[in-house]
Amino acid sequence: MSRPPSVWSALSGNPLAFVTSPWPWRSLTYLITSVFVGLLALIAFLITIAVGTVTIPLVIGLFILGAAPALGARIAVVERRRLGLMAERIPAPFPEAEPQRWWRRPTDPGSWRALGYAVLLALVLWLVDAVVVMVVVTTVVVSAISPILAHYDTVGMLWWQLDTVREALPFAIIATPVGFVLGAYILTTLAASQSSLARILLSPREEELEARVTELRQSRLELVDAFETERK
């Protein structure tokens, strides 16, 4: 079974095939969910920092602030799953059911990469995604319904002022498909860039995978030894 083409090959391929493909819609979905995940991550980080700072005199604040890598690990679990929207598949360095393993190993470079990406998503990426999606979608929608809007009031689109339905109708016929095509390329390029960044930062390095395999092999041997001891 052949692997489906990547988003970058779709962007560089036939424009008609790209526009009629699922990629623009998948990219839009990826960016919209990025906004929600990034906003929730920002709220979670702010609460963690605020509560941790206030409770530092009680010592427990140090543990709350130290839980940031665990929070980054949980956000990384969500991000790995969301990458499926962009046809990206990356393995987790630890079982997704146990993201707290990064809390127990705060010096693991994978945990700090995950935390770095989570902070970047919370502070920058979701805001960029929100602005770009809002501008693109608003422009296309307003262009499409400009004849209706012009019936009631003057519509300003860039340097055009549409006062009547007769003026707005040709504009809508031309501007809407053009805006849709440009918007599809803008949204897909942004989503592809962000998903590539997530893949680079959240993919485990070869040495991390080898360490995980060694750990699993050791755990299996310990389990076999325990079973043999119990049997005897």
For the pair residue 46 and residue 174, how long in nm is the line joining their label points, each one 7 Å along Cα→Cβ?
4.5 nm
What residues from the range 44-69 fall in the zone where the backbone N is under 18 Å from a label point 7 Å along the Cα-to-C-beta line of residue 112?
66-69
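Starting with the highest mean, order 23-30, 63-70 by the number of other Cβ atoms within 10 Å, averaged over the residues of each peptide. Kindly include the intermediate steps, with their values, before the conclusion.
Details: 23-30: 20.4, 63-70: 17.0.
So the order, starting with the most tightly packed, is 23-30, 63-70.
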So what J values fall out for the range 24-36 if you push phi through Karplus, 6.51 cos²θ - 1.76 cosθ + 1.60 with θ = phi - 60°, rounded to Hz, Gly and Pro as x?
x, 6, 5, 5, 4, 5, 4, 5, 5, 5, 4, 4, 5
For the range 3-42, accessible area per residue (1.4 Å probe, heavy atoms of protein chains only), Å²
56 Å²
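The values are calculated or read from the model by the stated rules, or taken from the named source; none is laboratory data. For clarity, every value in this text was computed on a predicted model and none was experimentally measured. Positions of Cβ are generated from backbone atoms using ideal geometry, with glycine treated the same way; all protein chains shown enter the neighbour counts. Note: accessible area is taken over every heavy atom of the protein model, side chains too, but ligands, DNA and RNA are not part of it. Shrake-Rupley method; radii C 1.70, N 1.55, O 1.52, S 1.80 Å.
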